[in-house]
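**Q** Let me give you the structure first, and then I'll get to my questions.
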Amino acid sequence: MSANHLLELALDVVKRALASGATDAECTVAEGEEFSANVRLRELESLKEAGSRGAGVRILVGTKTGSSSTSDLSPEGIERLVKSAIELADVTNEDPHAGLPEPGEMGTVSGDLRLFSSDVAELETERKIAAAKSAEEAALSADPRIFNSEGASFDTHIGRHVFANSRGFAAEYRTSYCSLSAVPVARDGESMERDYWDSLARGFAGLEAPEQVGREAARRALRRLHPVKVETQKVPVVFDPRVARGLLGSIFEAVHGMSVYRHQSFLAGKLGEKVASDQMTVIDDGTIPGLFGTSPFDDEGVPSRRTVVIERGVLKNYLLNCYAARKLGMKTTGNASRGLTGNAGIGHGNFYLEKGVKRPEQILAAIPNGFYVTQVQGFGVNVVTGDYSQGASGLWIRNGELAFPVSEVTIAANLKEMLLGLDEIGTDLEFRGSVAAPTLKVGEMTVGGK
Amino acid sequence: MLFSESVFATRFGISRQDLESHLAEALSQGGDYADLYFEYLLTSSISIDESIVKSAAQGVSMGVGVRVLSGERTGYAYSDDLSPEKIRKAAHVAACIAAGPSKIDKFSLQEGRRHDLYPVLTAPTETAFKERVELVRRADRAARAYDSRIFQVQAVYADNLRYVMVATSDGVLTLDRQPLARLSVVALARENGGPPQRGHAGGGGRVELSFFENEKTPEHFAREAAREALVMLGAVEAPAGEMTVVLGPGWPGILLHEAVGHGLEADFNRKKVSAFTDRIGQKVASELCTVIDDGTIGSRRGSLNVDDEGHPTQRNVLIENGILRGYLQDRLSSSLMGSEPTGSGRRESYEHIPMPRMTNTFMLAGESEPEDIIRSVPKGLYCVSFGGGQVDITNGNFVFSASESYLIEDGKVTRPVRNATLIGNGPEALKYVSMVGNDLRLDEGIGVCGKENQHVPVGVGIPTIRIDRMTVGGTA
């Protein structure tokens, strides 16, 4: 369907909802096309190609809400969509904080945010397969110990996102992305390890060279061979950027407005307080052109923006949608996020830790005995209490150098202490997704091993 | 269930001839096998927060996935439009994975065999919302009434009703109607203005709504969540390092799911990237351990009458008295490995390619009294509930995160400890199982398993077991 057609559909849904008794309504329509090619051991393994679309509506009758969604965009499907949302408002309760944004709060970021690149749609299937094959080939031929592969993939997605509400907001944007990844398997004697590397971009031209993706994946798998399980001890822990991203993800969960008003976060009630080391500045910015967390407006029709979350260790802002903002007596930060239906939740734009002043090698060089973590495993982060306990693997640091691989150990501490004890931040900040962090060092954590 | 009475025939006007012609189109370029997976899915959810029912939502989605296999290759396309032209187009796209003339020209579909594991007359999704909304209201009230230190409660009730139809080029046509419901409760407790602690409980299955009246009530889950939050108020630092671990019965069966289940999925073993590759017949656990994956247990969350490739589910022995017996197979891996499917081919939706997955994974009961198992441990950890788990199938390292656990001191369960992750190695961990209790219990029905970004409902179960050596990721 054309852009106009989907926008009209969204406006029509809103109009129908109001005519059916809603006092306010908002409608999301999404359309997407996905493509995926996997190659394994130099042969094409699978090809997937398809498109889909759907619509969702959330209505208010006074301060009661109801939501529904459908993939049936026929006139009958749309009629049922609206009717079922209206019916549901009957079973929910009056919620004084429910409601749409105020007129002055809505809008879109102007200018080209470079979210869509036409080269993704134009790319021939053969070229996508060739890119995946080159990435895998580079991994397989990197070293004789790369004996197997879980394959390499080339994926693309092209989407259109439309949002309209009964307060006069109606807008849409298109997105594209492509990604290339490789997962080689290394073996030496009894030891077998895999790792991956990937590259994501809005357009084909932005991807790393396939050979680079394959070689990096191989390097990561190879350096994990013959790991040691170390003794239980307390040491400095360095997170590589890929793992540091996960730690930033936990900080996002802790500044998530819904968790904050429910007191489900160790950072609830701490605005203006020092919660992290002086070196630490965390930003959420949904307006950086071409990045993965960028959008012209959030899922309530509020413009995306840049929000300073932590500034030199001091907690400055939570990330909010309209609901959490009302609950906390604050203003939305344009972070509403939802699927097709339901009340808006909260998401991030480009959520990142500002880079520091030391190169990763300089950070490692100053550590006589420590753990360089390249992978964490599990769901052992409790943002209510801040308790952090994860499975980990990586390399042991001896006299400032990476000495030997380590696995089947845990790292544990409390996030409160980890943030305050974050004493080194690297210069190597790269946006490889919507959450980004450079190499960072936490002064002390418990490594659980033998 | 007859094809002619199915929603696909009555509502979408699909005929047998349509199915046969779409399969012919799918194989028009010479593929070995093709299947069509039709799905019509109704979903509902209701949530309460701060004693206010803040959200009620329902959704409908439908679509068809067309798969073509050609040697080791898979071609896949889907459509959310069930018109014949759109299905034919998807079949044409999927067919392009193969290159050559069609080898098969005629199909005659026969309705295939399936179980009747969830004879639910009225699915929860088909009941009045007014009845279902009471479940979250009751959960909220019960959790708050449990103790004055409970200050926040959220409850989410969600159900779905999935109609599926699988037509394969082997000539098999299967239909199923799969109801599923789940209630989950989170409670927060606080004492004297101190830091809050969280408790969680939930459950359900492929059941009628009366399950929440007659078997597991909202009050049951609410009290469990509140109890866990209160217990955690007194938690001390968890220990760190290797020690003896006792797992309680039920949900801690997630150990089996992570330690052995994923590593025994046939795709990883066909590709020889699993830590269990080529180990059939070898000892991978103590002789006290027999591990089963069974998709045929009545009303269970992980059960299915037929898998998502139209094959009836079955009871599969994975480990028998410590010896590795078999893998979980889907159509593709079993044909390439010269083995039989095990009813383990599952997918998240019509948008996804099926792959081998678990259903309900559990360990058979042993002979020890649970009290004797705890009494046998001078110093260790007793874990009764967990959050999620994860595994690296290649090196075999797995983790699972304890959300409620206690120290064992001189054979007695003493103080609760803070959340800690446990880590072990799949082919090694179960060799240290030295006692297995007589109290096998299945979980209450909340499991979701993720693999390659596809999420499916699963179950786990285990009796009380003693593991002599496992690494605990605490701070003390």
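**Q** Which numbered condition trips up A:L73, out of (1) more than 7 Å from every other protein chain (Cβ to nearest Cβ); (2) surrounded by 16 or more Cβ atoms within 10 Å (Cβ to Cβ); (3) outside any loop (DSSP other than H, G, I, E, B)?
**A** (3)
**Q** Still on this model: Could you grab me the full set of residues in the range B:66-89 that are more than 8 Å from chain A (Cβ to nearest Cβ), farther than 20 Å from A:R80 by Cβ and of a type outside the set (S, T, N, Q)? Before the answer, list the steps.
**A** We begin by selecting, within the range B:66-89, every residue more than 8 Å from chain A (Cβ to nearest Cβ); these are B:66-71, B:81-89.
Subset that is farther than 20 Å from A:R80 by Cβ: B:66-71, B:84-89.
Correct list: B:V66, B:R67, B:V68, B:L69, B:G71, B:P84, B:E85, B:K86, B:I87, B:R88, B:K89.
**Q** Given the conditions (1) of a type in the set (S, T, Y); (2) surrounded by 22 or more Cβ atoms within 10 Å (Cβ to Cβ); (3) out of contact with any helix residue (DSSP H, G or I) (no Cβ under 9 Å at 6 or more places or on another chain); (4) more than 23 Å from A:P438 (Cβ to Cβ), which single one is not true for A:S337?
**A** It fails just one condition, (2).
**Q** Scan A:R338, A:R432 and give me the residue that is outside the structural domain of A:L180 (by TED's automatic domain parsing), basic (K, R), within 17 Å of the chain's Cα centre (by Cα) and within 30 Å of B:T394 (Cβ to Cβ). Talk me through it step by step, then tell me what you get.
**A** Values: A:R338 fails: within 30 Å of B:T394 (Cβ to Cβ).
Criteria check complete, one pass: A:R432.
**Q** Any idea which of (1) closer than 19 Å to B:V448 by Cβ; (2) within 14 Å of chain A (Cβ to nearest Cβ) is the one B:R182 doesn't satisfy?
**A** (2)
**Q** Do we have A:L395 as touching a helix residue (DSSP H, G or I) at 6+ places or on another chain (Cβ under 8 Å) and away from chain B (no Cβ under 12 Å) here?
**A** On the way: touching a helix residue (DSSP H, G or I) at 6+ places or on another chain (Cβ under 8 Å): no; away from chain B (no Cβ under 12 Å): yes.
No, not satisfied.
Here is a yes/no grid of residues against (1) modelled with pLDDT of 95 or more; (2) touching a helix residue (DSSP H, G or I) at 6+ places or on another chain (Cβ under 7 Å):
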| residue | (1), (2) |
| --- | --- |
| B:T394 | yes, no |
| B:G426 | no, yes |
| B:S434 | yes, no |
| B:G437 | yes, yes |
| B:L440 | yes, no |
| B:G445 | yes, no |
| B:V448 | yes, no |
| B:Q454 | yes, no |
| B:T475 | no, no |
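**Q** Just to be sure, is A:F379 surrounded by fewer than 20 Cβ atoms within 10 Å (Cβ to Cβ), within 30 Å of A:E273 (Cβ to Cβ), among the hydrophobic types (A, V, I, L, M, F, W, C) and within 13 Å of another protein chain (Cβ to nearest Cβ)?
**A** yes
**Q** Would you pick out the residues in the range A:89-107 that are facing chain B (nearest Cβ under 8 Å) and part of a helix (DSSP H, G or I)?
**A** If the condition is that a residue be facing chain B (nearest Cβ under 8 Å) and part of a helix (DSSP H, G or I), then no residue fits.
**Q** Considering only residues that are farther than 18 Å from A:E231 by Cβ and basic (K, R), which ones fall in the range A:398-432?
**A** Taking the range A:398-432 and keeping what is farther than 18 Å from A:E231 by Cβ, we get A:400-402, A:414-432.
If the condition is that a residue be farther than 18 Å from A:E231 by Cβ and basic (K, R), then A:K416, A:R432 are the ones that fit.
**Q** Being touching a strand residue (DSSP E or B) at 6+ places or on another chain (Cβ under 9 Å), farther than 14 Å from B:H262 by Cα, in a loop (DSSP other than H, G, I, E, B) and at the interface with chain A (Cβ under 8 Å from one of its Cβ atoms) is true for just one of B:T394, B:T475. Which residue is that? Steps first, please.
**A** Numbers: B:T394 fails: farther than 14 Å from B:H262 by Cα.
So the residue among B:T394, B:T475 that is touching a strand residue (DSSP E or B) at 6+ places or on another chain (Cβ under 9 Å), farther than 14 Å from B:H262 by Cα, in a loop (DSSP other than H, G, I, E, B) and at the interface with chain A (Cβ under 8 Å from one of its Cβ atoms) is B:T475.
**Q** Oh, and also: For the range B:112-130, enumerate the residues that are touching a Pro at 6+ places or on another chain (Cβ under 9 Å) and crowded, with 17+ Cβ neighbours inside 10 Å.
**A** Across the range B:112-130, the qualifying residues are B:G112, B:R114, B:H115, B:Y118, B:V120, B:A123, B:P124, B:T125.
**Q** Out of the residues in the range B:49-102 that are in a helix (DSSP H, G or I) and hydrophobic (A, V, I, L, M, F, W, C), which is farthest from B:S184 (Cα to Cα)? Reasoning before the result, please.
**A** Step one: list which residues in the range B:49-102 are in a helix (DSSP H, G or I), which gives B:84-95.
Restricting the remaining residues to those that are hydrophobic (A, V, I, L, M, F, W, C) gives B:87, B:90-91, B:93-95.
Values: B:I87: 38, B:A90: 38, B:A91: 40, B:V93: 41, B:A94: 39, B:A95: 43 Å.
Per the criteria, the residue is B:A95.
**Q** Does A:S153 satisfy the criteria of being touching a Ser or Thr at 6+ places or on another chain (Cβ under 9 Å), more than 16 Å from A:P296 (Cα to Cα) and either polar (S, T, N, Q) or assigned to a helix (DSSP H, G or I) (or both)? Steps first, please.
**A** On the way: touching a Ser or Thr at 6+ places or on another chain (Cβ under 9 Å): yes; more than 16 Å from A:P296 (Cα to Cα): yes; either polar (S, T, N, Q) or assigned to a helix (DSSP H, G or I) (or both): yes.
So A:S153 fits the description; yes.
**Q** Residues B:E72, B:E85: which one is of a type outside the set (F, W, Y), closer than 27 Å to B:L304 by Cα and surrounded by fewer than 23 Cβ atoms within 10 Å (Cβ to Cβ)? If you could, list the steps in order and put the result at the bottom.
**A** Values: B:E85 fails: closer than 27 Å to B:L304 by Cα.
Unique residue meeting the criteria: B:E72.
**Q** Still on this structure, I have one more. So in the range B:94-111, with the set limited to residues that are under 12 Å from B:A34 (Cβ atoms) and either touching a strand residue (DSSP E or B) at 6+ places or on another chain (Cβ under 9 Å) or not hydroxyl-bearing (S, T, Y) (or both), which one is surrounded by the most Cβ atoms within 10 Å (Cβ to Cβ)? Let's see the steps before the verdict.
**A** Filtering the range B:94-111 for residues under 12 Å from B:A34 (Cβ atoms) gives B:94-95, B:97-98, B:102-104, B:107.
From what's left, either touching a strand residue (DSSP E or B) at 6+ places or on another chain (Cβ under 9 Å) or not hydroxyl-bearing (S, T, Y) (or both): B:94-95, B:97-98, B:103-104, B:107.
Details: B:A94: 31, B:A95: 24, B:I97: 25, B:A98: 23, B:K103: 10, B:I104: 16, B:F107: 22.
Among those residues, the one meeting the criterion is B:A94.
**Q** Separate question: Pull up the range A:6-50, narrow it to residues that are part of a strand (DSSP E or B) and among the polar types (S, T, N, Q), then point me to the one that is nearest to the other protein chains (Cβ to nearest Cβ). Break it down into steps so the answer makes sense when it comes.
**A** Residues of the range A:6-50 part of a strand (DSSP E or B): A:24-40, A:43-50.
Then keep just the ones that are among the polar types (S, T, N, Q); that gives A:28, A:36, A:38, A:46.
Working: A:T28: 12, A:S36: 8, A:N38: 8, A:S46: 4 Å.
Restricting to residues being part of a strand (DSSP E or B) and among the polar types (S, T, N, Q), the top hit is A:S46.
**Q** Only one of (1) touching a residue at least 60 places away in the same chain (Cβ under 8 Å); (2) surrounded by fewer than 24 Cβ atoms within 10 Å (Cβ to Cβ); (3) within 24 Å of A:Y388 (Cβ to Cβ); (4) within 14 Å of another protein chain (Cβ to nearest Cβ) is not met by B:G424, so which one is it?
**A** If we test B:G424 against (1) touching a residue at least 60 places away in the same chain (Cβ under 8 Å); (2) surrounded by fewer than 24 Cβ atoms within 10 Å (Cβ to Cβ); (3) within 24 Å of A:Y388 (Cβ to Cβ); (4) within 14 Å of another protein chain (Cβ to nearest Cβ), just (2) comes out false.
**Q** What number of residues within the range B:185-229 satisfy the criterion of being within 30 Å of B:L121 (Cβ to Cβ) and surrounded by fewer than 20 Cβ atoms within 10 Å (Cβ to Cβ)?
**A** 7
**Q** May I pose another question? Among the listed residues A:V373, A:V409, identify the single one that is surrounded by 24 or more Cβ atoms within 10 Å (Cβ to Cβ), over 23 Å from the mean Cα position of the chain (by Cα) and of a type outside the set (G, A, S). Steps first, answer last, please.
**A** On the way: A:V373 fails: over 23 Å from the mean Cα position of the chain (by Cα).
Going through A:V373, A:V409 in turn, just one is surrounded by 24 or more Cβ atoms within 10 Å (Cβ to Cβ), over 23 Å from the mean Cα position of the chain (by Cα) and of a type outside the set (G, A, S): A:V409.
**Q** Oh, and also: Quick check on A:V82: is it buried (at least 23 other Cβ atoms within 10 Å of the Cβ), in contact (Cβ under 8 Å) with a residue 40 or more places away in the chain, closer than 26 Å to A:Y177 by Cα and of a type in the set (A, V, I, L, M)?
**A** Working: buried (at least 23 other Cβ atoms within 10 Å of the Cβ): yes; in contact (Cβ under 8 Å) with a residue 40 or more places away in the chain: yes; closer than 26 Å to A:Y177 by Cα: no; of a type in the set (A, V, I, L, M): yes.
Criteria not met by A:V82.
**Q** Name, by its number, the condition in (1) within 14 Å of chain B (Cβ to nearest Cβ); (2) surrounded by fewer than 20 Cβ atoms within 10 Å (Cβ to Cβ); (3) under 25 Å from the mean Cα position of the chain (by Cα) that does not hold for A:G111.
**A** The one condition A:G111 does not meet is (1).
**Q** Still on this model: Being surrounded by fewer than 24 Cβ atoms within 10 Å (Cβ to Cβ) and touching a Gly at 6+ places or on another chain (Cβ under 6 Å) is the filter here, so list the residues in the range B:378-395 that pass it.
**A** Result: B:V384, B:Q390.
**Q** Could you grab me the full set of residues in the range B:9-21 that are closer than 16 Å to B:V164 by Cβ and assigned to a helix (DSSP H, G or I)? Even if it seems obvious, please write down each step before you answer.
**A** Kept after step one, since they are closer than 16 Å to B:V164 by Cβ, are these residues of the range B:9-21: B:9-12, B:14, B:19.
Passing the criteria: B:A9, B:T10, B:L19.
**Q** If you scan the range B:343-369, which residues turn out to be surrounded by fewer than 24 Cβ atoms within 10 Å (Cβ to Cβ) and either β-branched (V, I, T) or farther than 28 Å from B:S303 by Cα (or both)?
**A** Correct list: B:I353, B:S368, B:E369.
**Q** Something else now. With the condition kept exactly as written, say whether any residue in the range B:143-160 is modelled with pLDDT under 95, away from chain A (no Cβ under 14 Å) and buried (at least 18 other Cβ atoms within 10 Å of the Cβ).
**A** Restricting attention to the range B:143-160, the residues satisfying the condition of being modelled with pLDDT under 95 are none.
Within the range B:143-160, none of the residues are modelled with pLDDT under 95, away from chain A (no Cβ under 14 Å) and buried (at least 18 other Cβ atoms within 10 Å of the Cβ).
**Q** Shifting gears a bit: From A:L247, A:L271, A:L267, grab the single residue that is outside any strand (DSSP E or B), more than 14 Å from chain B (Cβ to nearest Cβ) and within 23 Å of B:E191 (Cα to Cα). Don't jump to the end; show me each part of the working.
**A** Working: A:L247 fails: within 23 Å of B:E191 (Cα to Cα); A:L267 fails: more than 14 Å from chain B (Cβ to nearest Cβ).
Going through A:L247, A:L271, A:L267 in turn, the sole match is A:L271.
**Q** Please verify whether B:Y350 is touching a residue at least 40 places away in the same chain (Cβ under 8 Å), within 14 Å of another protein chain (Cβ to nearest Cβ) and more than 14 Å from the chain's Cα centre (by Cα), treating the condition exactly as stated.
**A** On the way: touching a residue at least 40 places away in the same chain (Cβ under 8 Å): yes; within 14 Å of another protein chain (Cβ to nearest Cβ): yes; more than 14 Å from the chain's Cα centre (by Cα): yes.
Considered against the rule, which asks whether it is touching a residue at least 40 places away in the same chain (Cβ under 8 Å), within 14 Å of another protein chain (Cβ to nearest Cβ) and more than 14 Å from the chain's Cα centre (by Cα), B:Y350 comes out as yes.
The values are calculated or read from the model by the stated rules, or taken from the named source; none is laboratory data. Predicted, not measured: the structure shown is a model, and the values here were computed from it. Glycine also receives a Cβ, built like all others from the backbone with ideal geometry; neighbour counts cover every protein chain displayed.
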